[in-house]
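A.B. asks: Below you will find the structure I want to go over with you.
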Amino acid sequence: MPDFKEDIKHRRDLHKFVTKFYDKLLTDIELKPFFEHLIQQDHIAQHLEIITNFWNSMLFNTLDYQRNAIQPHLELNKTIHFEKHHFKAWLKHFNATMDENFKGEKAEMAKTRALSIATVMEIKMINS
């Protein structure tokens, strides 16, 4: 029997995705250090809401996210340096989580945008 997956239709779908995606990120030994400050301050749930808002804005053109997405990463890069392999791992987890849970136009759009975001962030972090 084929595994039927639906496309991302609502913010709640994105929250499900983001939660599962962060489960992977937080168990990846190379990526977890980038989130330690959130873990220590017990801000993971709040962060997941922010990231859900980001992706809701990206995929559904909402105004849920109105922050500078790059600035916090530039600040973090001052203490924990991002390297090329971090972006590859992030993208691998993103795509795997998406493919495990959703299929369709919005899911593909998310993966395309994630590649663009990872590429821009990598250029800015490694060259900063």
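Every number in this text was worked out from the coordinates using simple rules, so none of it is lab data. Just so we're clear, the structure is a prediction, and the values are computed from it rather than from any experiment. So basically every Cβ, Gly included, is an ideal-geometry build from the backbone, and we count neighbours across all protein chains shown.
A.B. asks: Please identify the helices of the chain, taking whole runs of DSSP H, that span at least 15 Å along their own axis as judged from the Cα atoms and have a mean Kyte-Doolittle score of -0.5 or higher.
C.D. replies: In the chain, the long hydrophobic H runs are 44-60, 105-126.
A.B. asks: Here's something else I'd like to know. Local charge sum around residue 94 (other residues, Cβ-Cβ under 9 Å, Lys/Arg +1, Asp/Glu -1)?
C.D. replies: Taking every Cβ under 9 Å from that of residue 94, the sum is +3.
A.B. asks: Further question on the same structure: How long is the chain along each principal axis, judged by its Cα atoms, biggest number first, in Å?
C.D. replies: Its Cα atoms span 47, 32, 29 Å along the three principal axes.
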